[in-house]
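Shown next, in structure tokens, is the structure this report addresses.
The values are calculated or read from the model by the stated rules, or taken from the named source; none is laboratory data. All figures in this text were calculated on a predicted structure; none of them were measured in a lab. Counting neighbours? That spans all protein chains shown, and the Cβs are built from the backbone with ideal geometry, glycine included. For accessibility, only protein heavy atoms count, side chains too; no ligands or nucleic acids. Shrake-Rupley method; radii C 1.70, N 1.55, O 1.52, S 1.80 Å.
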Amino acid sequence: MSHVKKAAVLCAVSALALGAAFPAAAADRSDTKEKWDKPPASMSQVGGAQLGKPGTQVNLQGDAPVLPKDLTAKSWLVADAESGEVLAAHNPHWELPPASTLKMLFADTVLPKFPKTTTHKVAPSDLAGMGAGSSLAGIKEGYTYSVHDLWLGVFLRSGNDAVHVLSAMNQGVPRTVEDMQAHAEELQAGDTHVVSPDGYDMPGQHSSAYDLTLFARSGLQKADFREYAATTTAKLPDKQKKGKTSKRFEIQNTNRLLTGVPGALPAYKGIAGVKNGNTTNAGATFTGVAERGNRVLLVTVMNPKSTESNAVYKETARLFDWGFQADGKVAPVGHLVKPKSRTPAGRVSPSAGSAGPAKGAGHASVSGGGSGGSSGVGIALAIMGGVLVVLAGAVFVVRKKWPLRIDKR
């Protein structure tokens, strides 16, 4: 039996054994269908009053391009990654199941706690409690992994096994959930309620396009986060003896805008992450970051109803195209708030209408991280300005340095 099949069997057994702590996702479907079929009449106004309105919000000016007409997602948002201005949005505060895009919050919370060179031997209890049908990176009990390997499993394969091992290192799943919820609150992500650290469908677990964009923006200010999110391929331990790896197997990033799908979907020019997801309740979800010219955009798309193949990526690409074309031609409909600790007293969770006219602020300058032995192809935004980067056949110039600075708003 292959290591992946063995892990899947262990997941199923563990899920049954721990059913009381982690109820099956199906148990929540009947009483949430109506809630997820139609957005609330009013939603949170964090980031601006216009963001709390249902439907599409955009303030076109002059010769601004119209939004793509073939958008079917329940919720989406387009924002300037540096200034935080929200250029357009559709039900951005609708609380929906996030799927594995919630792993961005997991990474932003837990990644700083362990140096990437730290090693950990996987115990059977580390892999307990994963939901049936979880996506897996191929982590094996009894094997020793570096933290670097585990994060590659999280970002590239969306491995719930890697998430649970890292959670075990962080004093367990309940503690990790608490840490994630506390960090969400620090980021003013009030639409988010964390139940499971891997994004698996759970009763009461939800987030929003707005909050997921906050998580991506915060995470991208960490060099290791940028590295993992933009790595296309890597190798994980396949055979070990006494903790020494003798053979590795290759994994590929499941972010299709980063890797492309031969004959079906090209890699998006300028893309550099961030995270995709797909579950029964959430449908397909995705948050991406891309750079073109002097602008870096963040786009989040949740649950397209289109039946076309790779719909979540295609709708994201259309929104990226629109955002780059609309540069300087739209008035923001709101803004991405900064963390509570960076907000003056009395201004937590601002909700003051429009964010005002677009600003021409430049990007902050710091160096990014290296590939650490995995494939460095695709680490676009972490590379020093002016370096040519080859990404799935597309060549482009990265002119700026990261991480982003938090706006002074």
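Between residue 306 and residue 261, what FRET efficiency comes out of the Förster formula 1/(1 + (r/R0)^6) with R0 = 22 Å and r the beta carbon distance, rounded to 0.05? It would help to have the intermediate numbers written out before the result.
Working: r = 16 Å, r/R0 = 0.73.
So, using R0 = 22 Å, E works out to roughly 0.85.
Enter the accessible area of residue 169 (Å², nearest 10), with the probe set to 1.4 Å and all protein chains included.
Here the residue's solvent-accessible area equals roughly 40 Å².
For region 107-210, with every protein chain kept in place, what is the accessible area per residue (1.4 Å probe, Å²)?
On the way: 3120 Å² over 104 residues.
With all protein chains present, region 107-210 gives 30 Å² per residue.
Which FRET efficiency, nearest 0.05, do residue 37 and residue 132 yield, Cβ-Cβ r, R0 30 Å? Mind showing how you got there, number by number?
Numbers: r = 25 Å, r/R0 = 0.85.
About 0.75, to the nearest 0.05.
For a quick check of understanding: with a 1.4 angstrom probe and all protein chains in place, what accessible area in square angstrom does residue 136 have, to the nearest ten?
Probe radius 1.4 Å; accessible area of residue 136 about 30 Å².
Place a +1 charge on the Cβ of each Lys and Arg in region 161-225 and a -1 charge on the Cβ of each Asp and Glu, then give the dipole magnitude about the Cα centre in debye, rounded to the nearest 20.
140
Working from the pairwise distances between different alpha carbons, so that the mean of 1/r is found and then inverted, what is region 105-215's Kirkwood radius in Å?
Numbers: mean 1/r = 0.0709 Å⁻¹.
The Cα-based Kirkwood calculation yields 14.1 Å.
In terms of solvent-accessible area of protein heavy atoms at a 1.4 angstrom probe, what is the ranking of 100, 125, highest value first? Don't skip to the end; give the middle numbers.
Numbers: 100 15, 125 85 Å².
Solvent-accessible surface, decreasing: 125, 100.
Can you sort 213, 259 by solvent-accessible area, 1.4 Å probe, largest first?
259, 213
How big is the accessible area of residue 164 in square angstrom, nearest 10, if you roll a 1.4 angstrom probe over the protein chains?
Counting only protein heavy atoms, the figure is 0 Å².
Go from 0 up to the bin containing the longest alpha carbon distance in region 125-182, width 5 Å each, and give me the % of pairs per bin.
In order of increasing distance, the bins hold 4, 20, 30, 27, 15, 3, 0 percent.
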